[in-house]
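Right, one structure below, let's go through it.
The values are calculated or read from the model by the stated rules, or taken from the named source; none is laboratory data. Keep in mind it's a predicted model, so treat the numbers as computed, not measured. Here the Cβ positions follow ideal geometry from the backbone for every residue, glycine too, while neighbour counts run over all protein chains shown. Please note that ligands, DNA and RNA were not included when accessible areas were found on the heavy atoms of the full protein model with its side chains. Shrake-Rupley method; radii C 1.70, N 1.55, O 1.52, S 1.80 Å.
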Amino acid sequence: MSKPIVAVVGRPNVGKSTFFNRIVGRRVSIVEDTPGVTRDRIYAEAQWNGIDFALIDTGGIEASTDDVILSQMREQAQTAMDMADVILFIVDGKEGLTIADEEVGQMLRRTGKKVVLVVNKIDNPRKLPDNFYDFYELGIGEPIAISAANMLNLGDVLDLIVDSFPEDTYDEDEDSIKVAVIGKPNVGKSSLINALLNENRVIVSPIAGTTRDSIDTPFKWQGDNYILIDTAGIRRQSRVNEDIEKYSVIRAVAAIERSDVCLLMIDGAEGLTEQDKKIAGVAHEAGKAIIVVVNKWDLVEKETNTMSRYKKELQSELQFMSYAPILFISVKDRQRLFNVIDMAKYVSENSAMRVPTGQLNSLIIDATMMKQPPSDKGKRLKIYYATQVGVKPPLFSFQINKRELMHFSYARYLENKIREGFGFEGTSIKFVFREKGEKQE
């Protein structure tokens, strides 16, 4: 079952990013920032009252004319409609109802999705301004007065959001490996899927596009069932170039959340771009199994060791996901296409692999003997016990004497030893450290 998705929509300067940052920084538990994720973070994994969800900020659009603002508002709203389970529509309580608000409100009413209307910048909810009641004209429902800057009524908004989630959000066929093909526009995502389907004859008819703006296609390869999730990219180009990049990242999030394996496709002739890194960072942060697929390899001029040098450069640029295998293909020439599917099965199995507790602790004991744990002010880190407590991605719990003694470098050392001992190629590994006597949540 994938996480529900909440998209935050609204025109510029209504407080979308402030709301997003308040929720992420103060009110919910999220994973740490990952290199490669956008500087103006638009995605976070969040939790409220024990329920996990993905929070998307569609904000940050600055435009020079009102016409462009309206155009971008429509694109924002359309993006939210395509992918979100719940849409959070933020308006400005000080400025009041605008034409842009009304236009987006009309679009949102037609979606049939749950829309939560939030009136921001209300510093005193007990004394509402006269223009507050104008927002009822949007026909979306009762507006909620908040102040994101002062953290007023944010809990009420989160309660309403969580209560609006579907009970069984996108529960997929557990027997199928769900493979999302992600990447920026025009790298060959759809071409790869079409090439795979054209060569494979045991194929059912494609499923209609889902509300998450992707096309799911089930097929079978060597006895195994797969669902290929094609993120179609952008339907029309934005007038503001930076937003073309942003929308491709946002659209990738929905596919990533539903997947077991992510194929990050990059253009071999163009090389790795900042946009590629952002999309890779989202997949890594979501804990998905990842394969880097370099397409258009036929267009790259070859010399001795070209592939080896290219791979080293990619690994250097994507150090935060050094576990991800790198494959070189040409969809046009149909080179090594099904190596991708074979690798997808392999990394999916690694992501779901469990390590016996006895073998894990034997490895940890050997690792601590080879490299002594760090110490501080005469007190040395002690690892009493380790066990695997989760999969997809593999999650390991360590019982230790003092959490502050577990330096990042030593945790990375232990991760490397676990990978040497058990593999886990293609999947991230997560650690949680608990002091002796501390209860597991």
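Taken over the stretch 86-123, the criterion of being assigned to a loop (DSSP other than H, G, I, E, B) and among the hydrophobic types (A, V, I, L, M, F, W, C) is satisfied by LEU97, ILE122. In the condition set (1) among the hydroxyl-bearing types (Ser, Thr, Tyr); (2) more than 23 Å from ILE326 (Cβ to Cβ); (3) at pLDDT 60 or above, THR211 is compliant with all but (3).
Among the residues of the stretch 363-414 satisfying the criterion of being of a type outside the set (Val, Ile, Thr), part of a helix (DSSP H, G or I) and under 30 Å from ASP260 (Cα atoms), which is most open to solvent (accessible area, probe 1.4 Å)? Looking at the filtered set, the residue picked out is PHE408.
The single condition among (1) of a type outside the set (A, V, I, L, M); (2) without any contact (Cβ under 8 Å) to a residue 24 or more places away in the chain; (3) within 17 Å of ASP267 (Cβ to Cβ) that GLU349 does not satisfy is (3). Of all residues in the stretch 284-320, none satisfies the criterion of being open to solvent by 50 Å² or more (accessible area, probe 1.4 Å) and part of a strand (DSSP E or B).
Has the stretch 123-136 got at least one residue that is open to solvent by less than 20 Å² (accessible area, probe 1.4 Å) and modelled with pLDDT under 90? The answer is no; no qualifying residue exists.
Could you check, for the stretch 177-188, whether at least one of its residues is modelled with pLDDT of 80 or more, open to solvent by less than 60 Å² (accessible area, probe 1.4 Å), more than 20 Å from VAL294 (Cβ to Cβ) and touching a Phe, Trp or Tyr at 6+ places or on another chain (Cβ under 6 Å)? Scanning the stretch 177-188, I find at least one residue that is modelled with pLDDT of 80 or more, open to solvent by less than 60 Å² (accessible area, probe 1.4 Å), more than 20 Å from VAL294 (Cβ to Cβ) and touching a Phe, Trp or Tyr at 6+ places or on another chain (Cβ under 6 Å), so the answer is yes. None of SER375, SER362, SER428, SER409 is of a type in the set (Gly, Ala, Ser) and in contact (Cβ under 8 Å) with a residue 40 or more places away in the chain except SER428.
Per-residue answers, yes or no, for (1) at pLDDT below 85; (2) open to solvent by less than 40 Å² (accessible area, probe 1.4 Å); (3) acidic (Asp, Glu); (4) farther than 21 Å from ASN120 by Cβ:
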| position | (1), (2), (3), (4) |
| --- | --- |
| ALA63 | yes, yes, no, no |
| VAL68 | yes, yes, no, yes |
| GLN72 | yes, yes, no, no |
| GLN78 | yes, no, no, yes |
| MET83 | yes, yes, no, yes |
| ILE87 | no, yes, no, no |
| GLY96 | no, yes, no, no |
| ASP101 | no, yes, yes, no |
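For the stretch 278-323, residues that are in contact with an Asp or Glu (Cβ under 7 Å, 6 or more places away or on another chain) and more than 16 Å from ALA180 (Cα to Cα) total 3. Going residue by residue through the stretch 336-352, is there one that turns out to be in contact with a Lys or Arg (Cβ under 7 Å, 6 or more places away or on another chain), at pLDDT 95 or above and open to solvent by less than 40 Å² (accessible area, probe 1.4 Å)? Scanning the stretch 336-352 turns up at least one residue that is in contact with a Lys or Arg (Cβ under 7 Å, 6 or more places away or on another chain), at pLDDT 95 or above and open to solvent by less than 40 Å² (accessible area, probe 1.4 Å). For the stretch 231-246, the criterion of a residue being modelled with pLDDT of 75 or more and either open to solvent by less than 30 Å² (accessible area, probe 1.4 Å) or not in a helix (DSSP H, G or I) (or both) is satisfied by no position.
In the stretch 363-371, is there at least one residue being of a type in the set (Asp, Glu) and over 26 Å from the mean Cα position of the chain (by Cα)? So far as the stretch 363-371 goes, yes, one or more of its residues are of a type in the set (Asp, Glu) and over 26 Å from the mean Cα position of the chain (by Cα). If I ask for residues that are outside any strand (DSSP E or B) and hydroxyl-bearing (Ser, Thr, Tyr), which ones from the stretch 321-357 would you list? Hits for the stretch 321-357 are SER322, TYR323, TYR346, SER348, SER351, THR357. Whether a residue is open to solvent by 20 Å² or more (accessible area, probe 1.4 Å), modelled with pLDDT under 95 and in contact with a helix residue (DSSP H, G or I) (Cβ under 7 Å, 6 or more places away or on another chain) was assessed, and PHE433 passes this test.
Filtered by the rule that a residue be of a type in the set (A, V, I, L, M), under 15 Å from PRO185 (Cα atoms) and assigned to a helix (DSSP H, G or I), the stretch 252-280 gives ALA252, VAL253, ALA255, ILE279, ALA280.
Residues in the stretch 281-325 that are modelled with pLDDT of 90 or more and under 18 Å from GLY188 (Cα atoms): ILE290, ILE291, VAL292, VAL293, VAL294, ASN295, LYS296, TRP297.
What about VAL162, is it at pLDDT 85 or above, over 30 Å from PRO125 (Cα atoms) and within 21 Å of the chain's Cα centre (by Cα)? Against the criterion (at pLDDT 85 or above, over 30 Å from PRO125 (Cα atoms) and within 21 Å of the chain's Cα centre (by Cα)), VAL162 does not qualify.
Residues in the stretch 426-437 that are more than 18 Å from ALA286 (Cβ to Cβ) and either basic (Lys, Arg) or part of a loop (DSSP other than H, G, I, E, B) (or both): ARG434, LYS436, GLY437.
Anything in the stretch 89-99 that is over 29 Å from the mean Cα position of the chain (by Cα) and on the phi < 0 side of the Ramachandran plot? List them, or say none. Listed by number, the residues that qualify are GLY93, LYS94, GLU95, LEU97, THR98, ILE99.
Every residue, every condition in (1) over 20 Å from VAL253 (Cβ atoms); (2) assigned to a helix (DSSP H, G or I); (3) at pLDDT below 65, yes or no:
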residue	(1), (2), (3)
VAL14	yes, no, no
ASN21	no, yes, no
ARG26	yes, yes, yes
ILE30	no, no, yes
GLY36	no, no, yes
ALA44	no, no, no
PHE53	no, no, no
